[in-house]
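In what follows, a structure is listed as C-alpha cells, so that the remarks can point back to it.
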Amino acid sequence: FYSKTMNTIKFILHNTTNMPMNNVRIGDQRLESGMELQPFTEVNVLGPGVQQSVKLYVDFGSKIRTAKFDLNFDKTSGDGVSKGVYAVSLTPTSGELMEPLSLSEQEFDSVAKTLKGMHESTQNIGPKEELKETVVELVLMQANMFPIASSEEGVYRFAAQTLSSDKHPVLLLVDLGKGTVRGNSESTLLGRQLVKEVKETLNK
C-alpha cells in the first residue's frame, strides 16, 4: 500500500514494436536515500501497438530529485525468450511535491512572518496587471496549492504543505502591481524552485 507522502503517477506503457511484451514490470530501482517507490502490478501481456496506463507511487521526500529505475519485460522470438530493459527517470516539478493547505489571509501573513531570511525567496516578473483574470489558473496549473481570497487588489496568495510527514507550509504571493513573486518555506530549495517555476509560467 502507498502512503500519503507519495505522489501518484499515471504511467503509460506503449508497445511500439511488432512483438508482444510479456511480464512488464519494475526492475532495479536506483533511488536516493529517503525515497521510496511502490511498483505497479505486473502487466502479463502488452500487445504490439497497445497502450496501457498503470499507476505507480513515488515518495520523493519533498525534494526535487530524480527517481531512476528499470522497466523490464520478456519477449519471445524464434530464438526463445529474451529480456528487455528500458531505463526510466522521473523528476517532479516543485508544485507536485505539495498539497493544498487551507489558510485565511491573516493566517497566511502570520505564517509568512515566521519564514523570513533564507526561508524567503523573491523574483521580479515586471508589472503583469494584464494577468488579473488568469493568474490564479496559471499558478494552480503549476502548483498544487490553495488559492486564498485577498482583500488587496492585484495581490494573490496561495498556500500548501509538503507531502512529507513533517508537513512544512509552502506559501506563495504574487503581486501583479509590483511585479514580484515571493515564496516562503522551511524547505528552502523547494520554495526557491517554486518561485522560479511560477515566474517562468507567468512570463510566457
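The values are calculated or read from the model by the stated rules, or taken from the named source; none is laboratory data. These numbers were taken from a predicted model, which means no experiment stands behind them. Every residue, glycine among them, receives a Cβ derived from its backbone with ideal geometry; neighbour counts consider all protein chains shown. Protein only, heavy atoms only, side chains kept; ligands, DNA and RNA dropped before computing areas. Shrake-Rupley method; radii C 1.70, N 1.55, O 1.52, S 1.80 Å.
What shape does the stretch 13-62 have by the C-alpha gyration tensor, where a ≥ b ≥ c are the square roots of the eigenvalues, rounded means a/c under 1.5, and otherwise prolate means a/b greater than b/c and oblate the rest? Prolate, since a/c reaches 1.5 and a/b exceeds b/c. The HN-Hα couplings worked out from phi for the stretch 59-66 by the Karplus form 6.51 cos²θ - 1.76 cosθ + 1.60 (θ = phi - 60°) are 9, 8, x, 6, 10, 7, 8, 9 Hz, whole numbers, x standing for Gly and Pro. Dividing the mean sequence gap of close Cα pairs (under 8 Å, 6+ apart) by how many residues the stretch 24-123 holds gives a relative contact order of 24 percent. For the stretch 72-204, lysine pairs with C-alpha atoms less than 26 angstrom apart, excluding pairs fewer than eight positions apart on the same chain, total 26. Each Lys and Arg Cβ is given +1 and each Asp and Glu Cβ -1; about its Cα centre, the stretch 1-139 then shows a dipole of about 440 debye.
Going 7 Å from the Cα of V45 toward and past its Cβ, which residues in the stretch 73-90 have a backbone nitrogen under 19 Å from where you end up? What the label zone holds, given the 19 Å backbone N cut-off, is 73-84.
Annotation: extensible slack from E107 through S165 equals 18.7 nm (criterion: 0.36 nm per residue apart, minus Cα-Cα distance).
The separation of the stretch 137-157 from the stretch 65-110, counted between C-alpha centres, amounts to 27 Å. For the stretch 45-204, the share of accessible area belonging to carbon and sulfur comes to 50 percent (1.4 Å probe, ligands and nucleic acids excluded). Loop-resident GluC sites (Glu not before Pro) (DSSP state other than H, G, I, E or B) in the stretch 1-101 with no more than 12 further Cβ atoms inside 10 Å of their Cβ: E32. Among G80, G95, G183, the largest mean-square fluctuation in a Gaussian network model of the chain (Cα springs under 10 Å) belongs to G80. Using a probe of 1.4 angstrom and keeping all protein chains present, the accessible surface of the stretch 1-123 works out to 58 square angstrom per residue. How high is the relative contact order of the chain, in percent, counting Cα pairs under 8 Å that sit 6 or more residues apart? For the chain, the relative contact order is 19 percent. Largest first, the extents of the alpha carbon coordinates of the chain on the three principal axes equal 70, 35, 23 Å.
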